[in-house]
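S.K.: Okay, here's the structure, questions in a sec.
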Amino acid sequence: MTVVDSNGGLSVSPADEAVLGKNSAEIRAKIPFPMDDPNYVPKQRYYSREFYDLEKEHLWPHAWQMAAREEELPNPGDFVEYEITGRSILLVRQTDGSIKALHNACRHRATELAKGSGRLPGGQLVCPFHGWRWNLDGSSSFVFMDSAFEPRCLDPGELHLRECLVETWAGHVFINMDRNAGPLMEALSPVTELLDGVGVGNMRVKWWKRVILNANWKMAQEAFFEGYHVMATHPQLLMGGGEEAGEYSAQAIDYTAFKNGHARFQSATYGQQIQDRGMFIDYAQVLADGQDAMVLDRDVRVFESLRTKVGDDRDFATAAIGALYDYAAGAGIPMAPLSEKMVLWGGDIYMFPNYLMLPMYGNCLCYRSRPYNDDPEWCQFDVWSLTTYPAGREPERAELLGVFDKTDTEHWGLIPRQDFSNIESQQRGLHTMGFDRLRLSNAYEISIANMHEELDRRLAANG
């Protein structure tokens, strides 16, 4: 449980393995616009070119980051490109089923070898400029007119495509450009254990979309670090209630900031908070209509089937979840065992530096935020809907459906459109004269402070 210390800083119980609070003066001295106080964030961190360039050189090349879903690469020879601050990485499925991450540059004159995603014909990466070729593992297989080069220019070790570290967890492919980085699971601890408990490893992509936002990548993701914004931003989720319902909703959430910059928020108690059957079903329908991610129409139909079959409203939520699990068992859908770990349903896990997962039932909403066009004030924001399919009936390959405008009502539900609007409005507000810093709640917004403190540690350590 997170508490506030006597100096207004943040601390947690040792069991939460958290690293919180103000960094040392030595660390702060290495960073422009440092976090001098966990209750305030200097506004320049969201638009300063100097700060952005530090992230570009000292964060992204050294951080484990979610680069793809495994189902984007179902077969040997499949590839997908991951781009971050102008650096292009090719993820390639190998013949033994493993995945390699290769820097996307020909060893001759730096031409990019592939773009987007697809399948490598003949199991070869071919340079479009001069026709040099590489095997799936990055080893050189052909140099056109090799006799025209001095032997030392064609050393096999030198011609091998440069590699990144790559590891997988729960259907995700993570890469790290720093070959000396520690193991992925060490970097993601302790949040992977929490997510494993709700079965995210059984989930596969239902849909994947992208939006381009006029906002810093950190600004975009911070919108999802707290539930404090629900009252004003998503009033439809309060089911007709006003500020009183919003206050109850905010106080029903427990926040924890972890080591490595990670964080979570979740229900403060285990069990369904909505007892009224009509409100329970209607709330599920609002989420299904507004996101098509955390709750699906399939789930709502199961709940609706019980509307007249359960006698006491106090028993409805339990009966509804039981029916959902009965349906899953009959359909061959491998759900995680019910336990107190389901307190995470409806909450979220933030994985430093730029990935979030919001699980509920057998589904999950996921976000990834990255800089766009080498501009501190623009980002590309990926959104996934994951769900648990019947065993053996998972979709074969996941593909990006497209890049859609933030106001596109055909491709975005009401909930993401509301969030996108706030994100860009915040970024514009940073430039207002007289505004100098963001002020954070030490009850509801501790994850934001924790992320920035970790970011300063990374920038100072790698600088």
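S.K.: Could you list, in sequence order, all residues of region 107-130 that are more than 22 Å from Arg397 (Cα to Cα), out of contact with any helix residue (DSSP H, G or I) (no Cβ under 9 Å at 6 or more places or on another chain) and surrounded by fewer than 20 Cβ atoms within 10 Å (Cβ to Cβ)?
M.R.: Listed by number, the residues that qualify are Arg109, Ala110, Thr111, Glu112, Val126, Pro128, Phe129, His130.
S.K.: Within 20 Å of Trp378 (Cβ to Cβ), buried (at least 18 other Cβ atoms within 10 Å of the Cβ) and either modelled with pLDDT of 95 or more or of a type outside the set (S, T, N, Q) (or both): which single residue out of Trp60, Trp64 fits that description?
M.R.: That would be Trp60, the only listed residue that is within 20 Å of Trp378 (Cβ to Cβ), buried (at least 18 other Cβ atoms within 10 Å of the Cβ) and either modelled with pLDDT of 95 or more or of a type outside the set (S, T, N, Q) (or both).
S.K.: Right, something else. Considering (1) among the hydrophobic types (A, V, I, L, M, F, W, C); (2) touching a Leu at 6+ places or on another chain (Cβ under 9 Å); (3) surrounded by fewer than 17 Cβ atoms within 10 Å (Cβ to Cβ), say which one Cys366 fails and leave the rest.
M.R.: (3)
S.K.: Suppose the filter is surrounded by 13 or more Cβ atoms within 10 Å (Cβ to Cβ), touching a residue at least 60 places away in the same chain (Cβ under 8 Å) and over 22 Å from Ala263 (Cβ atoms); does Ala449 pass it?
M.R.: Taking the combined requirement at face value, the residue does not satisfy it.
S.K.: Scan region 143-156 and give yes if some residue there is among the β-branched types (Val, Ile, Thr) and in contact with a Leu (Cβ under 7 Å, 6 or more places away or on another chain), otherwise no.
M.R.: Of all residues in region 143-156, those among the β-branched types (Val, Ile, Thr) come to 143.
Next, only the ones that are in contact with a Leu (Cβ under 7 Å, 6 or more places away or on another chain) stay: 143.
The answer is yes, given that some residue of region 143-156 is among the β-branched types (Val, Ile, Thr) and in contact with a Leu (Cβ under 7 Å, 6 or more places away or on another chain).
S.K.: When you scan region 131-236 for helices (runs of 4 or more DSSP H) that lie fully inside it, which ones turn up with 2 or more residues that are without any contact (Cβ under 8 Å) to a residue 24 or more places away in the chain and surrounded by fewer than 21 Cβ atoms within 10 Å (Cβ to Cβ)?
M.R.: Qualifying helices (runs of 4 or more DSSP H): 156-159, 184-188, 191-196, 230-233.
For (1) among the hydroxyl-bearing types (Ser, Thr, Tyr); (2) out of contact with any helix residue (DSSP H, G or I) (no Cβ under 8 Å at 6 or more places or on another chain); (3) modelled with pLDDT of 95 or more, each residue gets a yes or a no:
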site: Pro376; (1), (2), (3): no, no, yes
site: Cys379; (1), (2), (3): no, no, yes
site: Leu386; (1), (2), (3): no, no, yes
site: Arg393; (1), (2), (3): no, yes, no
site: Glu396; (1), (2), (3): no, no, no
site: Lys406; (1), (2), (3): no, no, yes
site: Gly429; (1), (2), (3): no, yes, yes
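S.K.: Scanning region 107-119 for residues that are assigned to a loop (DSSP other than H, G, I, E, B) and either more than 17 Å from His160 (Cα to Cα) or polar (S, T, N, Q) (or both), which turns out nearest to the chain's Cα centre (by Cα)?
M.R.: Ranking the qualifying residues of region 107-119, first place goes to Gly116.
The values are calculated or read from the model by the stated rules, or taken from the named source; none is laboratory data. On a predicted model such as this, the values are computed, not experimentally measured, just so you know. Glycine also receives a Cβ, built like all others from the backbone with ideal geometry; neighbour counts cover every protein chain displayed.
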